[in-house]
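Heads up: the structure comes next, in structure tokens.
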Amino acid sequence: MGGRAEAAAAVSWTLDLRLEQGSAFVADLALCQVRLQDDRRWPWLVLVPRLPGRIELEDLAAAERARLAEEAVASGAAVRALGRTTGWPVKKLNLGALGNLVPQLHLHVVGRRADDPAWPGPVWGFGTSEPYSPVALAEAAAVVRAALTPTGGV
């Protein structure tokens, strides 16, 4: 691990307020908290490693990076399941770890297709977010949770 990660190891993990405000908790995986981005225009998950002080991928140990990759693959399947359930089948998965506005390490897993409103550009900063209704948010989170494990739960 890099120096930043080692220095932060004594600090407990907390979710950046901006991530919390723009998304809803879905599940905790082995490494990451899975959150549903509150924008129904795209099936979109955010993975946040529950490790304090991590900013860059290089701040993760090799085993943690491997775990993040596995959780991203599982989340991609969950994004596809969400797309199927909402009648918006995913044709392409976009993965992004920008961190320009929110430095806490997090990975976006976004379902895309050629007829989506931002195609072929990025979804970040495109148009105005369309939040889920409370019922639709709960239903979407349930679909994601069921897709994250073969037994239908986390």
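Name the residues in the stretch 34-50 that are open to solvent by less than 20 Å² (accessible area, probe 1.4 Å) and assigned to a strand (DSSP E or B), would you?
Val34, Arg35, Leu36, Trp44, Leu45, Val46, Leu47, Val48, Pro49 - these are the residues of the stretch 34-50 that are open to solvent by less than 20 Å² (accessible area, probe 1.4 Å) and assigned to a strand (DSSP E or B).
Leu93 passes all but one of (1) more than 17 Å from Leu36 (Cα to Cα); (2) outside any loop (DSSP other than H, G, I, E, B); which number fails?
Failing condition for Leu93: (1).
Sort out which residues of the stretch 103-154 are touching a Ser or Thr at 6+ places or on another chain (Cβ under 9 Å) and open to solvent by 40 Å² or more (accessible area, probe 1.4 Å), and write them in order of number.
Glu139
Of all residues in the stretch 48-79, how many are without any contact (Cβ under 8 Å) to a residue 24 or more places away in the chain and small (Gly, Ala, Ser)?
4
Which pairs turn up if I take residues in the stretch 131-154 that are over 15 Å from Ser23 (Cβ atoms) and look for partners that are surrounded by fewer than 12 Cβ atoms within 10 Å (Cβ to Cβ) and modelled with pLDDT under 95 with beta carbon separation below 9 Å, at least 6 apart in sequence or on another chain?
Sorted first by the residue in the stretch 131-154, then by its partner, the pairs are Ala146/Gly152; Ala146/Gly153.
Starting from residues that are part of a loop (DSSP other than H, G, I, E, B), open to solvent by less than 60 Å² (accessible area, probe 1.4 Å) and touching a helix residue (DSSP H, G or I) at 6+ places or on another chain (Cβ under 8 Å), keep the ones in the stretch 51-83 and report whichever is nearest to Ala30 (Cα to Cα).
Applying the filter and picking the extreme gives Leu51.
Would you confirm, using the coordinates I've provided, whether Trp124 is touching a strand residue (DSSP E or B) at 6+ places or on another chain (Cβ under 7 Å) and without any contact (Cβ under 8 Å) to a residue 60 or more places away in the chain?
no
Might you let me know whether the stretch 125-146 holds any residue that is within 23 Å of Thr14 (Cα to Cα), assigned to a loop (DSSP other than H, G, I, E, B) and in contact with a Leu (Cβ under 7 Å, 6 or more places away or on another chain)?
no
Can you give me the number of residues within the stretch 87-98 that are surrounded by fewer than 16 Cβ atoms within 10 Å (Cβ to Cβ), touching a residue at least 24 places away in the same chain (Cβ under 8 Å) and over 13 Å from the mean Cα position of the chain (by Cα)?
Result for the stretch 87-98: 1.
The values are calculated or read from the model by the stated rules, or taken from the named source; none is laboratory data. Given the structure is predicted, the values throughout are model-derived calculations rather than measurements. Please note: Cβ atoms are built from the backbone with ideal geometry, for glycine as well, and neighbour counts cover all protein chains shown. Keep in mind that these areas ignore ligands, DNA and RNA; they rest on the heavy atoms of the full protein, side chains included. Shrake-Rupley method; radii C 1.70, N 1.55, O 1.52, S 1.80 Å.
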